[in-house]
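Worksheet: the structure to be examined is printed underneath.
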Amino acid sequence: MGGCRTVMPKLDHGSMSVSLRTCYRYLNETSRSFAAVIQALDGELRHAVCIFYLVLRALDTVEDDMSIPLEKKMPLLHNFHTFLYQPEWCYTESQEKDRQVLEDFPTISVEFRNLGQEYQDVISDICHRMGVGMAEFLEKRVGSMKEWDKYCHYVAGLVGIGLSRLFSASQLEDPEVGQDTELANSMGLFLQKTNIIRDYLEDQQEGRSFWPKEAWGQFVSQVEDLAQPQNLESALSCLNLLVADALRHVPDVISYLSRLRNQSIFNFCAIPQVMAIATLSACYNNPQVFQGVVKIRKGQAVTLMMEATSMAAVQAIISQYTQEILHKVSLTDPSRDKTLLMLERIREKTLSGDTLRSRAHHLSPVYLSAAMLLAAISWQYLTAAAGQSPGTTDMQGH
(Lines give C-alpha, C1' and ligand atoms only; values in the text may rest on other atoms or scores of the structure.)
Protein backbone atom coordinates (compact mmCIF):
# COMPACT_ATOMS: atom_id res chain seq x y z
CA MET A 1 0.00 0.00 0.00
CA GLY A 2 3.05 2.26 -0.18
CA GLY A 3 2.29 5.53 1.59
CA CYS A 4 -0.52 4.20 3.73
CA ARG A 5 1.53 4.49 6.86
CA THR A 6 1.09 8.26 6.72
CA VAL A 7 -2.65 7.72 7.15
CA MET A 8 -2.94 4.48 9.08
CA PRO A 9 0.40 4.14 10.89
CA LYS A 10 1.00 0.73 12.36
CA LEU A 11 1.46 1.00 16.10
CA ASP A 12 4.85 -0.28 17.18
CA HIS A 13 3.72 -2.27 20.19
CA GLY A 14 7.21 -3.62 20.70
CA SER A 15 8.54 -0.19 21.59
CA MET A 16 5.67 0.59 23.97
CA SER A 17 5.64 0.13 27.70
CA VAL A 18 3.28 -2.49 29.07
CA SER A 19 1.08 0.25 30.51
CA LEU A 20 0.86 2.11 27.18
CA ARG A 21 -0.09 -1.10 25.36
CA THR A 22 -2.81 -1.61 27.96
CA CYS A 23 -4.09 1.92 27.34
CA TYR A 24 -4.48 1.19 23.63
CA ARG A 25 -6.29 -2.02 24.48
CA TYR A 26 -8.71 -0.03 26.67
CA LEU A 27 -9.12 2.48 23.85
CA ASN A 28 -10.20 -0.25 21.44
CA GLU A 29 -12.50 -1.83 24.01
CA THR A 30 -14.28 1.39 25.01
CA SER A 31 -14.19 3.64 21.94
CA ARG A 32 -16.61 1.98 19.57
CA SER A 33 -16.59 4.68 16.91
CA PHE A 34 -13.24 6.39 16.55
CA ALA A 35 -10.52 4.17 17.98
CA ALA A 36 -9.13 3.66 14.49
CA VAL A 37 -8.89 7.34 13.62
CA ILE A 38 -7.34 8.17 16.99
CA GLN A 39 -4.64 5.62 16.20
CA ALA A 40 -4.20 7.19 12.75
CA LEU A 41 -2.99 10.47 14.24
CA ASP A 42 0.65 11.36 13.65
CA GLY A 43 3.51 11.03 16.11
CA GLU A 44 3.27 11.72 19.81
CA LEU A 45 -0.13 13.37 19.35
CA ARG A 46 -1.58 9.86 18.97
CA HIS A 47 -0.57 8.93 22.51
CA ALA A 48 -1.77 12.25 23.95
CA VAL A 49 -5.23 11.91 22.38
CA CYS A 50 -5.47 8.27 23.45
CA ILE A 51 -4.79 9.22 27.08
CA PHE A 52 -7.09 12.25 26.83
CA TYR A 53 -9.87 9.96 25.65
CA LEU A 54 -9.34 7.43 28.45
CA VAL A 55 -9.23 10.09 31.16
CA LEU A 56 -12.51 11.57 29.94
CA ARG A 57 -14.01 8.11 29.55
CA ALA A 58 -13.17 7.42 33.20
CA LEU A 59 -14.71 10.74 34.25
CA ASP A 60 -17.81 10.05 32.16
CA THR A 61 -18.13 6.59 33.70
CA VAL A 62 -18.35 8.17 37.15
CA GLU A 63 -20.97 10.64 35.91
CA ASP A 64 -23.06 7.90 34.27
CA ASP A 65 -22.97 5.46 37.19
CA MET A 66 -26.33 5.72 38.90
CA SER A 67 -25.18 3.37 41.68
CA ILE A 68 -22.85 6.07 43.09
CA PRO A 69 -24.71 8.17 45.70
CA LEU A 70 -24.92 11.86 44.87
CA GLU A 71 -23.00 12.89 47.98
CA LYS A 72 -20.12 10.69 46.83
CA LYS A 73 -20.34 11.47 43.12
CA MET A 74 -20.18 15.26 43.47
CA PRO A 75 -16.71 15.38 45.08
CA LEU A 76 -15.48 12.65 42.71
CA LEU A 77 -16.40 14.81 39.72
CA HIS A 78 -15.00 18.00 41.23
CA ASN A 79 -11.70 16.39 42.22
CA PHE A 80 -11.19 13.91 39.39
CA HIS A 81 -8.41 15.94 37.76
CA THR A 82 -6.34 15.62 40.93
CA PHE A 83 -6.36 11.82 40.65
CA LEU A 84 -4.14 12.14 37.56
CA TYR A 85 -1.27 12.94 39.93
CA GLN A 86 -2.12 10.27 42.54
CA PRO A 87 -0.32 7.12 41.29
CA GLU A 88 -2.35 4.66 43.36
CA TRP A 89 -5.83 6.15 42.97
CA CYS A 90 -8.51 3.92 41.51
CA TYR A 91 -12.23 3.37 41.94
CA THR A 92 -13.46 -0.20 42.34
CA GLU A 93 -17.15 0.27 43.15
CA SER A 94 -18.50 1.19 39.72
CA GLN A 95 -21.22 -0.93 38.11
CA GLU A 96 -20.76 0.54 34.63
CA LYS A 97 -19.68 -1.61 31.68
CA ASP A 98 -16.49 0.45 31.18
CA ARG A 99 -15.47 0.26 34.81
CA GLN A 100 -12.04 -1.13 33.91
CA VAL A 101 -10.84 2.41 33.16
CA LEU A 102 -11.62 3.29 36.79
CA GLU A 103 -10.43 0.04 38.34
CA ASP A 104 -7.12 0.26 36.47
CA PHE A 105 -6.81 4.03 36.53
CA PRO A 106 -3.18 3.83 37.76
CA THR A 107 -2.23 2.41 34.35
CA ILE A 108 -3.84 5.39 32.62
CA SER A 109 -2.51 7.99 35.06
CA VAL A 110 1.08 6.78 34.78
CA GLU A 111 0.94 7.22 31.01
CA PHE A 112 -0.64 10.63 31.53
CA ARG A 113 2.38 11.60 33.64
CA ASN A 114 4.69 10.24 30.92
CA LEU A 115 3.29 12.77 28.43
CA GLY A 116 5.00 16.09 27.82
CA GLN A 117 4.03 18.83 30.26
CA GLU A 118 2.28 20.75 27.49
CA TYR A 119 -0.09 17.81 27.00
CA GLN A 120 -0.57 17.19 30.72
CA ASP A 121 -1.61 20.80 31.30
CA VAL A 122 -4.32 20.62 28.65
CA ILE A 123 -5.74 17.27 29.75
CA SER A 124 -5.79 18.19 33.46
CA ASP A 125 -7.45 21.56 32.79
CA ILE A 126 -10.19 20.12 30.56
CA CYS A 127 -10.82 17.25 32.99
CA HIS A 128 -11.24 19.76 35.82
CA ARG A 129 -13.63 22.03 33.90
CA MET A 130 -15.67 19.10 32.61
CA GLY A 131 -16.01 17.55 36.05
CA VAL A 132 -17.31 20.81 37.48
CA GLY A 133 -19.79 21.12 34.61
CA MET A 134 -21.03 17.56 34.96
CA ALA A 135 -21.60 18.12 38.67
CA GLU A 136 -23.67 21.22 37.90
CA PHE A 137 -26.11 19.23 35.76
CA LEU A 138 -26.39 16.20 38.04
CA GLU A 139 -29.49 17.49 39.77
CA LYS A 140 -31.17 19.54 37.07
CA ARG A 141 -32.57 19.05 33.60
CA VAL A 142 -31.70 21.28 30.68
CA GLY A 143 -34.17 24.17 30.71
CA SER A 144 -33.39 27.07 28.40
CA MET A 145 -31.65 26.98 25.02
CA LYS A 146 -28.73 28.77 26.70
CA GLU A 147 -28.54 25.94 29.22
CA TRP A 148 -28.53 23.46 26.32
CA ASP A 149 -25.51 25.25 24.91
CA LYS A 150 -23.91 25.21 28.36
CA TYR A 151 -24.52 21.50 28.92
CA CYS A 152 -23.20 20.65 25.46
CA HIS A 153 -20.17 22.85 26.12
CA TYR A 154 -19.33 20.94 29.27
CA VAL A 155 -19.64 17.46 27.76
CA ALA A 156 -18.49 18.10 24.17
CA GLY A 157 -17.38 21.67 23.54
CA LEU A 158 -14.61 21.28 26.10
CA VAL A 159 -13.50 18.14 24.27
CA GLY A 160 -13.19 20.15 21.07
CA ILE A 161 -11.26 22.85 22.89
CA GLY A 162 -8.96 20.31 24.52
CA LEU A 163 -8.28 18.47 21.29
CA SER A 164 -7.53 21.75 19.51
CA ARG A 165 -5.03 22.72 22.19
CA LEU A 166 -3.40 19.30 21.88
CA PHE A 167 -3.16 19.73 18.09
CA SER A 168 -1.37 23.05 18.55
CA ALA A 169 0.82 21.73 21.38
CA SER A 170 2.04 19.00 19.03
CA GLN A 171 3.08 21.73 16.55
CA LEU A 172 1.31 19.80 13.82
CA GLU A 173 -1.18 22.69 13.68
CA ASP A 174 -0.79 26.45 14.01
CA PRO A 175 -1.26 28.08 17.43
CA GLU A 176 -4.52 29.74 16.31
CA VAL A 177 -6.22 26.32 16.12
CA GLY A 178 -5.84 25.91 19.87
CA GLN A 179 -6.43 29.57 20.67
CA ASP A 180 -9.79 29.98 18.90
CA THR A 181 -12.00 28.39 21.52
CA GLU A 182 -15.22 29.60 19.89
CA LEU A 183 -14.69 27.55 16.74
CA ALA A 184 -13.45 24.54 18.71
CA ASN A 185 -16.49 24.73 20.97
CA SER A 186 -18.80 24.77 17.94
CA MET A 187 -17.18 21.56 16.66
CA GLY A 188 -18.22 19.81 19.84
CA LEU A 189 -21.66 21.41 20.09
CA PHE A 190 -22.64 20.39 16.56
CA LEU A 191 -21.80 16.74 17.24
CA GLN A 192 -23.40 16.70 20.68
CA LYS A 193 -26.64 18.34 19.61
CA THR A 194 -26.95 15.95 16.69
CA ASN A 195 -26.58 12.98 19.05
CA ILE A 196 -29.08 14.41 21.52
CA ILE A 197 -31.62 15.01 18.77
CA ARG A 198 -31.18 11.53 17.31
CA ASP A 199 -31.29 9.74 20.67
CA TYR A 200 -34.57 11.21 21.97
CA LEU A 201 -36.40 7.89 22.22
CA GLU A 202 -33.52 5.88 23.63
CA ASP A 203 -32.92 8.49 26.31
CA GLN A 204 -36.61 8.55 27.19
CA GLN A 205 -36.63 4.76 27.54
CA GLU A 206 -33.66 5.00 29.93
CA GLY A 207 -35.32 7.68 32.03
CA ARG A 208 -33.29 10.71 30.96
CA SER A 209 -33.79 13.71 28.72
CA PHE A 210 -31.43 16.24 27.17
CA TRP A 211 -33.94 18.14 25.01
CA PRO A 212 -34.31 21.69 26.42
CA LYS A 213 -37.63 22.59 28.01
CA GLU A 214 -37.62 25.96 26.25
CA ALA A 215 -38.05 24.00 23.00
CA TRP A 216 -40.43 21.16 23.89
CA GLY A 217 -42.43 23.31 26.31
CA GLN A 218 -43.79 25.24 23.33
CA PHE A 219 -45.58 22.12 22.10
CA VAL A 220 -46.31 19.69 24.98
CA SER A 221 -46.59 19.75 28.77
CA GLN A 222 -44.09 16.91 29.33
CA VAL A 223 -41.12 15.97 27.14
CA GLU A 224 -42.21 12.31 27.04
CA ASP A 225 -45.50 13.41 25.43
CA LEU A 226 -43.61 14.02 22.17
CA ALA A 227 -43.57 10.25 21.62
CA GLN A 228 -47.38 9.99 21.72
CA PRO A 229 -48.85 9.40 18.23
CA GLN A 230 -51.49 12.09 18.71
CA ASN A 231 -48.71 14.64 19.26
CA LEU A 232 -46.73 13.86 16.12
CA GLU A 233 -47.21 17.25 14.49
CA SER A 234 -46.03 19.02 17.65
CA ALA A 235 -43.15 16.56 18.00
CA LEU A 236 -41.93 17.26 14.49
CA SER A 237 -42.15 21.00 15.09
CA CYS A 238 -39.99 20.63 18.20
CA LEU A 239 -37.56 18.36 16.37
CA ASN A 240 -37.16 20.80 13.50
CA LEU A 241 -36.60 23.69 15.91
CA LEU A 242 -33.69 21.82 17.49
CA VAL A 243 -32.24 20.86 14.12
CA ALA A 244 -32.30 24.53 13.09
CA ASP A 245 -30.44 25.40 16.28
CA ALA A 246 -27.80 22.73 15.63
CA LEU A 247 -27.31 23.97 12.07
CA ARG A 248 -26.10 27.35 13.30
CA HIS A 249 -22.79 25.72 14.27
CA VAL A 250 -22.00 24.44 10.76
CA PRO A 251 -20.37 27.66 9.45
CA ASP A 252 -17.96 27.48 12.41
CA VAL A 253 -17.26 23.82 11.59
CA ILE A 254 -16.30 24.83 8.05
CA SER A 255 -14.07 27.64 9.32
CA TYR A 256 -12.36 25.31 11.79
CA LEU A 257 -11.66 22.54 9.29
CA SER A 258 -10.33 25.04 6.75
CA ARG A 259 -7.52 25.99 9.13
CA LEU A 260 -6.15 22.47 9.54
CA ARG A 261 -2.89 21.59 7.81
CA ASN A 262 -2.07 18.08 8.98
CA GLN A 263 -3.87 15.37 7.01
CA SER A 264 -4.28 12.92 9.90
CA ILE A 265 -5.80 15.65 12.08
CA PHE A 266 -8.07 16.75 9.24
CA ASN A 267 -9.38 13.19 8.81
CA PHE A 268 -9.85 12.83 12.56
CA CYS A 269 -11.93 16.02 12.74
CA ALA A 270 -13.78 15.89 9.40
CA ILE A 271 -15.14 12.34 9.52
CA PRO A 272 -17.41 12.81 12.56
CA GLN A 273 -18.63 16.16 11.25
CA VAL A 274 -19.80 14.78 7.90
CA MET A 275 -21.39 11.85 9.68
CA ALA A 276 -23.23 14.35 11.87
CA ILE A 277 -24.61 16.44 9.01
CA ALA A 278 -25.81 13.26 7.30
CA THR A 279 -27.47 12.12 10.55
CA LEU A 280 -29.07 15.52 11.10
CA SER A 281 -30.51 15.42 7.58
CA ALA A 282 -31.91 11.95 8.27
CA CYS A 283 -33.53 13.21 11.48
CA TYR A 284 -35.09 16.38 10.09
CA ASN A 285 -38.90 16.17 10.03
CA ASN A 286 -38.63 12.40 10.54
CA PRO A 287 -41.30 10.72 12.73
CA GLN A 288 -38.90 7.82 13.26
CA VAL A 289 -37.03 9.93 15.82
CA PHE A 290 -40.02 9.37 18.11
CA GLN A 291 -40.77 5.81 17.07
CA GLY A 292 -37.47 3.96 16.69
CA VAL A 293 -33.87 4.40 15.63
CA VAL A 294 -32.62 6.84 13.01
CA LYS A 295 -29.28 5.98 11.50
CA ILE A 296 -27.53 6.36 8.19
CA ARG A 297 -26.89 3.31 6.03
CA LYS A 298 -23.65 1.39 6.36
CA GLY A 299 -22.65 2.00 2.74
CA GLN A 300 -23.43 5.68 3.07
CA ALA A 301 -21.25 5.91 6.20
CA VAL A 302 -18.28 4.18 4.56
CA THR A 303 -18.57 6.45 1.52
CA LEU A 304 -18.54 9.52 3.75
CA MET A 305 -15.43 8.31 5.55
CA MET A 306 -13.68 7.62 2.27
CA GLU A 307 -14.53 11.02 0.82
CA ALA A 308 -13.97 13.33 3.80
CA THR A 309 -10.24 13.79 3.17
CA SER A 310 -10.18 17.32 1.68
CA MET A 311 -11.84 20.62 2.39
CA ALA A 312 -13.50 20.75 -1.02
CA ALA A 313 -14.97 17.28 -0.51
CA VAL A 314 -16.24 18.14 2.98
CA GLN A 315 -17.90 21.31 1.72
CA ALA A 316 -19.54 19.34 -1.08
CA ILE A 317 -20.87 16.79 1.43
CA ILE A 318 -22.23 19.53 3.70
CA SER A 319 -23.84 21.20 0.70
CA GLN A 320 -25.47 17.92 -0.35
CA TYR A 321 -27.09 17.28 3.02
CA THR A 322 -28.17 20.85 3.66
CA GLN A 323 -29.91 20.73 0.27
CA GLU A 324 -31.68 17.57 1.43
CA ILE A 325 -32.90 19.42 4.51
CA LEU A 326 -33.98 22.39 2.39
CA HIS A 327 -36.19 20.17 0.26
CA LYS A 328 -37.92 18.85 3.38
CA VAL A 329 -38.74 22.23 4.97
CA SER A 330 -42.52 22.54 5.27
CA LEU A 331 -44.40 25.73 4.47
CA THR A 332 -46.21 25.41 7.81
CA ASP A 333 -43.24 24.54 10.04
CA PRO A 334 -42.93 27.09 12.90
CA SER A 335 -39.13 27.11 12.55
CA ARG A 336 -39.21 27.50 8.78
CA ASP A 337 -37.72 31.00 8.67
CA LYS A 338 -34.91 30.17 11.09
CA THR A 339 -34.11 26.94 9.27
CA LEU A 340 -33.97 28.69 5.89
CA LEU A 341 -31.73 31.39 7.36
CA MET A 342 -29.30 28.81 8.77
CA LEU A 343 -29.25 26.89 5.48
CA GLU A 344 -28.51 30.08 3.55
CA ARG A 345 -25.61 30.94 5.87
CA ILE A 346 -24.19 27.46 5.37
CA ARG A 347 -24.61 27.76 1.59
CA GLU A 348 -22.72 31.04 1.57
CA LYS A 349 -19.95 29.51 3.66
CA THR A 350 -19.59 26.43 1.46
CA LEU A 351 -19.24 28.68 -1.58
CA SER A 352 -16.61 30.86 0.08
CA GLY A 353 -13.41 30.94 -1.97
CA ASP A 354 -11.29 31.50 1.14
CA THR A 355 -12.13 28.16 2.70
CA LEU A 356 -11.81 26.29 -0.57
CA ARG A 357 -8.36 27.75 -1.25
CA SER A 358 -7.11 27.15 2.26
CA ARG A 359 -6.74 23.39 1.78
CA ALA A 360 -6.79 23.09 -2.01
CA HIS A 361 -4.89 19.94 -2.94
CA HIS A 362 -5.31 16.75 -4.91
CA LEU A 363 -5.04 13.33 -3.33
CA SER A 364 -2.89 10.69 -4.92
CA PRO A 365 -4.26 7.22 -5.75
CA VAL A 366 -2.11 5.85 -2.92
CA TYR A 367 -3.72 8.27 -0.48
CA LEU A 368 -7.20 7.40 -1.66
CA SER A 369 -6.44 3.72 -1.14
CA ALA A 370 -5.27 4.54 2.35
CA ALA A 371 -8.47 6.47 3.00
CA MET A 372 -10.47 3.41 1.96
CA LEU A 373 -8.45 1.32 4.41
CA LEU A 374 -9.18 3.85 7.13
CA ALA A 375 -12.89 3.68 6.37
CA ALA A 376 -12.97 -0.10 6.42
CA ILE A 377 -11.13 -0.35 9.72
CA SER A 378 -13.19 2.43 11.29
CA TRP A 379 -16.47 0.79 10.37
CA GLN A 380 -16.17 -1.99 12.95
CA TYR A 381 -16.20 0.70 15.63
CA LEU A 382 -18.79 2.88 13.96
CA THR A 383 -21.59 0.33 13.64
CA ALA A 384 -22.49 0.59 17.32
CA ALA A 385 -22.29 4.39 17.41
CA ALA A 386 -25.94 5.00 16.59
CA GLY A 387 -26.98 3.46 19.88
CA GLN A 388 -24.67 5.50 22.11
CA SER A 389 -26.04 7.94 24.64
CA PRO A 390 -24.95 11.57 24.70
CA GLY A 391 -21.83 12.23 26.68
CA THR A 392 -18.09 12.39 26.25
CA THR A 393 -17.78 8.81 25.10
CA ASP A 394 -16.10 9.31 21.78
CA MET A 395 -14.12 12.51 22.18
CA GLN A 396 -16.17 14.21 19.51
CA GLY A 397 -19.55 14.50 21.03
CA HIS A 398 -20.66 10.88 21.19
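With all protein chains present and a 1.4 Å probe, how do Trp211, Trp89 order by accessible area, largest first?
Trp89, Trp211
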Take the Cα pairs of region 50-208, get the Kirkwood Rh, then feed it into Stokes-Einstein at 4 °C and 1.567 mPa s and tell me D in µm²/s.
79
Below 15 Å, Cα to Cα, which aspartates and glutamates can Lys295 reach? Residues fewer than 8 away in the same chain don't count.
Asp199, Glu202
For region 59-104: Kirkwood Rh in Å [reciprocal of mean 1/r, alpha carbons]:
10.8
What distance in nm lies between label points placed 7 Å from Cα along the C-beta direction at Arg345 and Thr22?
4.7
In region 116-233, carbon and sulfur make up what percent of the accessible area (probe 1.4 Å)?
44
Set of lysines near Lys72 by C-alpha distance (under 18 Å), chain-local residues within fewer than 8 positions excluded:
Lys140
Where does each of Glu136, Glu348 land when they are ordered by accessible area, with a 1.4 Å probe and the largest first?
Glu348, Glu136
Heavy atoms only, 1.4 Å probe, whole protein assembly: order His78, His249, His153 by accessible area, highest first.
His78, His153, His249
With the label point 7 Å along the Cα-to-beta-carbon line of Asp42 and a cut-off under 13 Å to each amide N, the hits in region 247-274 are 260-268
Counting only heavy atoms of protein chains, what accessible area per residue, in Å², does region 83-157 have with a probe of 1.4 Å?
44
Rounded to the nearest 10 Å², what accessible area does Val294 have for a 1.4 Å probe in the complete protein model?
10
Cα-centred dipole magnitude for region 49-136, charges only on beta-carbon of K, R (+1) and D, E (-1), debye, nearest 20
40
Eligible lysines near Lys298 by straight Cα distance, threshold 25 Å, same-chain separation 8 or greater:
Lys193, Lys328
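The values are calculated or read from the model by the stated rules, or taken from the named source; none is laboratory data. From a predicted model like this one, the values you see are computed outputs, not experimental measurements. For neighbour counting, all protein chains shown are included, and Cβ atoms are generated from backbone atoms with ideal geometry for every residue, glycine included. We work out accessible area using only protein heavy atoms, side chains counted, and drop any ligands, DNA or RNA first. Shrake-Rupley method; radii C 1.70, N 1.55, O 1.52, S 1.80 Å.
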